[in-house]
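The values are calculated or read from the model by the stated rules, or taken from the named source; none is laboratory data. Since the model is a prediction, treat every value here as computed from it, not as a measurement. Cβ: placed from backbone, ideal geometry, glycine included. Neighbour counts: every protein chain shown.
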Amino acid sequence: MVAVPEQHRWVFWDVDASALDTTRHADTIVPRVLEFGRLAEVRWLLDVYGDEGIHRFLRDVGHTELSDRTLRFWRLYLHAEDEAWADPSGWRRSSGGPWID
């Protein structure tokens, strides 16, 4: 098990970060760091998963936690402007709340 280093655990404020395994929990770690991490956490993420690992996550998995701003940045960084990516965030754009007409 390769754990998240102590100095980066603040990003996982709501879970036991010491129990996160970088292999088994990649789909939890990657979006959290991409959306909330500082430069140090993003550098660590790139060291652990590389450009291809992050690209694979965004292309094949995606996450509702990722903002449009974050996705635009990584599309530019990965030179994937015209590529189809996973889009699990459709629920954000719906008006499914019972108080919304």
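Table for the structure above
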| quantity | calculated |
| --- | --- |
| Members of the stretch 28-55 found to be charged (D, E, K, R) and surrounded by 19 or more Cβ atoms within 10 Å (Cβ to Cβ), listed by number | R32, E41 |
| Subset of the stretch 65-76 that is out of contact with any Asp or Glu (no Cβ under 7 Å at 6 or more places or on another chain) and surrounded by 12 or more Cβ atoms within 10 Å (Cβ to Cβ) - its residue that is farthest from H25 (Cα to Cα) | F73 |
| Output for the stretch 1-27, where each listed residue is under 10 Å from the mean Cα position of the chain (by Cα) and exposed (fewer than 15 other Cβ atoms within 10 Å of the Cβ) | D27 |
| Matching residues, the stretch 31-54, being outside any helix (DSSP H, G or I) and under 11 Å from the mean Cα position of the chain (by Cα) | G37 |
| Any hit, the stretch 55-72, residues being in contact with a helix residue (DSSP H, G or I) (Cβ under 9 Å, 6 or more places away or on another chain), part of a loop (DSSP other than H, G, I, E, B) and either at pLDDT 95 or above or among the polar types (S, T, N, Q) (or both) | yes |
